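Reading through the structure tokens given below for one structure.
The values are calculated or read from the model by the stated rules, or taken from the named source; none is laboratory data. As the structure is a prediction and not an experimental result, all values here were calculated from the model. Reconstructed Cβ throughout: ideal geometry from the backbone, glycine too, with neighbour counts over all protein chains shown. Only protein heavy atoms, including side chains, enter the accessible area calculation; ligands, DNA and RNA are left aside. Shrake-Rupley method; radii C 1.70, N 1.55, O 1.52, S 1.80 Å.
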Amino acid sequence: MKNNCITSTFIGLAVGDALGVPVEFRSRESLKLNPVVDMRSFGTHEQPKGTWSDDSSLTFCLAESLCNGYDLKDISIKFIQWMGEQIWTPHGYVFDIGIQTRKAIYQLIDIINTKEYEDLKLLKYNDNEYTNGNGSLMRIIPLLFILKGKSILDQFETIWHVSSLTHPHIRSAIGCLIYLNFAEHILNGNSIKEAYVKMKTKISKFLKDRKISEYERNHFSRILDKNIKELKESSVNSGGYVVHTLEASLWCLLNTNSYSEAVLKAVNLGDDTDTTATVVGAIAGLYYGLNEIPKEWIESLVKKEDIFYLSNRFAKKYGYEMCHNKP
Ligand SMILES: [Mg+2]
């Protein structure tokens, strides 16, 4: 098994997703009575053990596209092929798709069919703030490895374009930027706590410099102006709104000390269990490393060989073969 920071991130993400799938939409109260402590079978989507969902599928579509370089048209085609031809599905069919994502992919089909590829860059001007589900946050992590070290302004432009393919509003893009900036500090060797502190400074300055409206910035004030770690569990929301998923994920990572503890905390918050655990799982995998992910969980992952193969192709393309965070 090749072990580098790409593998641990991608496997960490898929394992988190698969832990969450059987209990998606379950309430926190019901999970308190019967908490998830291991990989389960069936449940909400009637899928066998180790089945990951749209979160992992779209992440791997993005990663596979990036293996051939950055191209919005190619990323769009992969998303379309996932919905229409079931590429990167665990069992050859799509069993879970967000409303906004489905609508957006139909729009991508129109753009690709008319060959107006430049329109992909205009999607970000859609300013409907009620399209801010967590559907771009859950699949954005591969961008970390191609944007590392670039200026935050350049990073934001790319992140917004890629988010816009399904989630065009600036709030989703800022959510993805916060997540990826936090992840970049971890990739640079910082602890989770240090990464959180550094991210807050960097993002606050960026939002000010770029003159982001107070209205928009205020949505992130619990993350940027307070210490999200200190929130009581009862104030942590774990539904499908991008800001809530980001808050819940940071809260889980800051309040735990191992991969398993972090992803299980995410799942047991309830509601959008698979996505919270996907967002947590990528960072926990990156930070704690592959050896800290329980072997039996990795073993149970559907199509794990495909995920390892993709991770290694991606690591080779972007020079991360020797990147080990905590071997
Ligand atoms: Mg899902």
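Taking segment 1-115 and the helices (runs of 4 or more DSSP H) fully enclosed by it, the elements with 1 or more residues that are modelled with pLDDT under 95 and within 23 Å of Asn132 (Cβ to Cβ) are at 99-114.
Look at (1) surrounded by 24 or more Cβ atoms within 10 Å (Cβ to Cβ); (2) in contact with a His (Cβ under 6 Å, 6 or more places away or on another chain); (3) polar (S, T, N, Q) and you find that Asn237 fails only one, number (1). Counting the residues of segment 113-127 that are within 15 Å of Leu165 (Cβ to Cβ) and surrounded by fewer than 17 Cβ atoms within 10 Å (Cβ to Cβ) gives 8. Scanning segment 128-140 for residues that are in a helix (DSSP H, G or I) and touching a residue at least 12 places away in the same chain (Cβ under 8 Å), we see that the one that is most open to solvent (accessible area, probe 1.4 Å) is Glu129. Being open to solvent by less than 50 Å² (accessible area, probe 1.4 Å), touching a residue at least 40 places away in the same chain (Cβ under 8 Å) and in contact with an Asp or Glu (Cβ under 7 Å, 6 or more places away or on another chain) is the requirement here; does Ser76 meet it? No; evaluated as a whole, the condition is false for this residue. Based on what the data block shows, is Glu292 open to solvent by 20 Å² or more (accessible area, probe 1.4 Å), closer than 30 Å to Val36 by Cα, in contact with a helix residue (DSSP H, G or I) (Cβ under 7 Å, 6 or more places away or on another chain) and not hydroxyl-bearing (Ser, Thr, Tyr)? When the stated conditions are applied, Glu292 passes them.
Residue pairs whose Cβ atoms lie under 6 Å apart, separated by 6 or more positions or on different chains, with the first residue in segment 188-212 and more than 14 Å from Leu250 (Cβ to Cβ) and the second surrounded by 13 or more Cβ atoms within 10 Å (Cβ to Cβ) and at pLDDT 95 or above, are Lys202/Asn181; Ser204/Leu224; Phe206/Ile152; Leu207/Arg217. Ile6 meets all of the listed conditions (1) surrounded by 19 or more Cβ atoms within 10 Å (Cβ to Cβ); (2) farther than 23 Å from Trp297 by Cα but one, namely (2).
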